Amino acid sequence: MRLITADKISLSADRLSRAYQLLTEAPLSAKFGIIVIAVYIFVALFAPWVAPFGESEIVGRKFQPWDDQFFLGTDHLGRDMLTRIVFGARNTVGIALLTTILAFVLGGVLGILAAVVGGWVDQLLSRIVDVFMAIPALIFAMLLLSIFGTSIVNLIVIMSVIDATRIFRIARAVSMNVVVMDYIEAARVRGEKLPWIIVQEILPNISAPLAAEFGLRFCFVFLTISALSFLGLGIQPPIADWGSMVRQTAVLITFDDYTPLIPAAAIALLTVAVNFVIDWFLHKTSGLKDEH
Amino acid sequence: MLLQRILLGLLTLFAITLIIFLGVSMLPGDAAEAILGQAATPETVAALRKQLGLDLPAHTRYLTWLGNILQGDFGVSIGNGREINEVLGTRLYNTIFLAAFAACIAVPLAVILGILAALYRNSFYDRSVNIVTLSSISTPEFFVAYILLLLVSVKAGWLPSLSNVRVDTTFAEHLEKTLLPALVLTLVSMAHMMRMTRAALINLLSNAYIEMATLKGLKRFRVIIHHALPNAWAPIVNVIVLNLAYLIVGVIVVEVVFVYPGLGQYLVDAVQRRDMPVVQACCLIFAATYVLLNLIADVLSILTNPRLLHPK
């Protein structure tokens, strides 16, 4: 018993040191990306302790300039901008992350199912997805939001359904390559059930491309939700959110004030960071080199 | 192959009209209640329903709706009771003007810069282009828009910060007022075109006939322009058309930033007021343009590739 735990500890220590080695070998852009993502996660988790004021607390006059008390000034209602940005990390990123996860569960399961079952199930799902994907995501989201009304629950459900169509395509394509393998045939012949085949045989073999795809889809969802919020159709006040903050403070830009750029930069920085990390990850897992 | 693709495109268009129509008719309540609002009594609602043809079954209404749209009649806005057509024409013209203007700047620039990146592959220029394009792909349009607005219009004062064009605006004035939004669209759409141009060329450079051309002592510039580029046109043209489709959608956010009276702004306002006939009309136009441009991209790539044109 003791032997096993000792073994486990040395195994996990080994993993840690390997992970550490991998990180030190990472290119500068990937390191930068990892650090930025870590900072965002920290701020999002500990928002109430990091922020100087409460999320929708009115603490000053409208549009106060940057000073010692209000580090980034105040917004159109007199709320502290820095506080709103810190809470935005929790709300904007959290909502985008939740949406992406939902989209992955929905699109992933259907995609793998279409590949494994095949036949009319595959045909039906694929044709529906084709039509959905023919409509640009932003337009489709706006159409559905105007039908069902703008609320956070609607936003999350609508965006995850729209995004699930894109994930369906990828999941179906990568599992198609796995389904034809002999070990799947073997599992079928020895009478394994469908869920077992999916979880034990297919998922482990498609996890690497799906992980990279998760990062890309997150960026896409994050940008689309931010754009919708900026247009006033996404995350609604009084929740602190970067997209709508840009819109609310936009008038300041004509007075040569940088405030509206800060929440926008927060969005841009995170997506760039995630993209850098994915770029490195893809390079690592595909084993491709650009030297030919 | 070609006929098949065109038929598929038309089928997709048909499916989209179905989605847009069915989606809206799923709404609780209908246009009659929305128009009457507080003043609605069961009798007036029933009367107005009859007048608007809402008492007919769904498939009849769909066919009438589709028929009207094919004749260019988009119905009446719930918000102000005016014909949507009155507004739609100028709005659509403005949006197409902006998108076309942006395309005129973005397409040549992206192709040239992409060729240069392929030409000087792995150089400092190529690497910095790679980082800049990767960053600009992942940046929200409004971020780029506000940065340019701050630098060009507020700090330098070269261009107006609002693009308030009217019907009587002259062409030159229109160009001046839309230059800034067009530049924003150029910046956000160029990256993808450039990357694809570079990738298409580099892909070709690994071919044997390019190696042959290099080995017989041709200059690198000549190899790329005369030997690689002609074969790369098909994928590049494909990417350009796909990006025009992207421009049509990306235009929405930019129009809102610059308060430009285009179709995107019209759609955003309509979604906020839940003015469904206007939402239907705008979504249909945007989606149809997108589908048609995608169709054109595919048709062009079939036409420029003999292997696809004459399948075995």
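The values are calculated or read from the model by the stated rules, or taken from the named source; none is laboratory data. None of these values were measured; they are calculated from a predicted model. Note that each Cβ is placed from the backbone with ideal geometry, even for glycine, and that neighbours are counted across all protein chains shown. Areas reflect the complete protein model, heavy atoms only, side chains present, ligands, DNA and RNA absent. Shrake-Rupley method; radii C 1.70, N 1.55, O 1.52, S 1.80 Å.
FRET efficiency for the pair B:Thr304 and A:Val189, taken as 1/(1 + (r/R0)^6) with r the Cβ-Cβ distance and R0 = 51 Å, rounds to 0.60. The listed residues B:His310, B:His226, B:His174, A:His283, once ranked by accessible area (1.4 Å probe) with the largest placed first, stand as B:His310, B:His226, A:His283, B:His174.
Rolling a 1.4 angstrom probe over chain B with all protein chains present gives an accessible area of which 67% lies on carbon and sulfur atoms.
Shown for chain A: the carbon plus sulfur share of the solvent-accessible area, taken with all protein chains present and a 1.4 angstrom probe, equals 69%.
Once the Cα atoms of helix B:276-303 and of chain B are each reduced to a long axis, what angle between those two axes, in degrees from 0 to 90 to the nearest 10, is obtained? With both axes taken from Cα atoms, the answer is about 30 degrees.
Helix B:84-119 sits at what angle to the longest principal axis of chain B, using alpha carbons and giving 0 to 90 degrees rounded to 10? Its long axis makes an angle of about 10 degrees. Each label was represented as a point 7 Å from its Cα along the Cα-to-Cβ direction; for B:Tyr93 and B:Ala58 these points are 3.9 nm apart. Taken along the Cα-to-beta-carbon direction at a fixed 7 Å, the label points for A:Asp182 and B:His226 span 5.3 nm. Given axes a ≥ b ≥ c from the Cα gyration tensor, I'd like to know whether region B:184-269 is rounded (a/c under 1.5), prolate (a/b larger than b/c) or oblate. Note, shape of region B:184-269 comes out prolate. Applying both filters, DSSP loop and at most 16 other Cβ atoms within 10 Å, to the chymotrypsin sites (Phe, Trp or Tyr not before Pro) of region B:109-216 gives B:Tyr120, B:Trp158.
Working note: 222 nm ellipticity from helices only, DSSP H runs with n ≥ 4, each -39,500 (n - 2.57), summed and divided by the residues of the protein assembly as shown, gives -24500 deg cm²/dmol to the nearest 500.
Rounded, prolate or oblate: which fits chain A when a ≥ b ≥ c are the square roots of the eigenvalues of the alpha-carbon gyration tensor, with rounded for a/c under 1.5 and prolate only if a/b beats b/c? It comes out oblate by the Cα gyration axes.
In this calculation the C-beta distance from A:Val117 to B:Arg5 is compared with R0 = 22 Å, giving a FRET efficiency of 0.20. The spacing between region B:247-282 and region B:167-186, judged by their C-alpha centroids, is 18 Å.
Mind telling me which of A:Gln200, A:Gln21, A:Gln248 comes out most flexible in a GNM of chain A, alpha-carbon contacts under 10 Å? Of A:Gln200, A:Gln21, A:Gln248, the most mobile in the Gaussian network model is A:Gln21.
Averaging the Cα positions of each part gives two centres, and for region A:120-160 and region A:215-243 these lie 16 Å apart.
Length gained on full extension, B:Asn203 to B:Glu86, computed as 0.36 nm times the residue gap minus the Cα-Cα distance: 37.2 nm.
Of all complete DSSP H helices in chain A, those with a Cα span along the helix axis of 15 Å or greater and a mean Kyte-Doolittle hydropathy of 0.0 or more are A:28-45, A:81-117, A:119-134, A:137-148, A:152-179, A:203-230, A:261-286. Computed from Cα positions, the angle between helix B:263-273 and the longest principal axis of chain B comes to roughly 40 degrees. Could you tell me whether chain B comes out rounded, prolate or oblate from its Cα gyration tensor? Rule is a ≥ b ≥ c as square roots of the eigenvalues, rounded for a/c under 1.5, then prolate if a/b exceeds b/c, otherwise oblate. The shape class here is oblate. Taking a straight Cα-Cα cut-off under 14 Å and skipping sequence neighbours fewer than 8 places away in the same chain, the aspartates and glutamates within cross-link reach of A:Lys193 are A:Glu185, A:Glu201.
For A:Lys62, the aspartates and glutamates whose Cα comes closer than 13 Å to its Cα, not counting residues fewer than 8 places off in the same chain, are A:Asp75, A:Asp80.
Pairwise Cα separations in region A:217-261 fall into 10 Å bins from 0 onward with the following percentages, short to long: 30, 47, 21, 2. Between the beta carbons of A:Val251 and A:Gln200, assuming R0 = 51 Å, the FRET efficiency works out to 0.35 to the nearest 0.05. Per-residue mean of foreign Cβ neighbours for B:288-295 is 2 (Cβ atoms of other chains, 10 Å radius). As a ratio to 2.2 N^0.38 Å, the alpha-carbon radius of gyration for region A:1-115 is 1.62.
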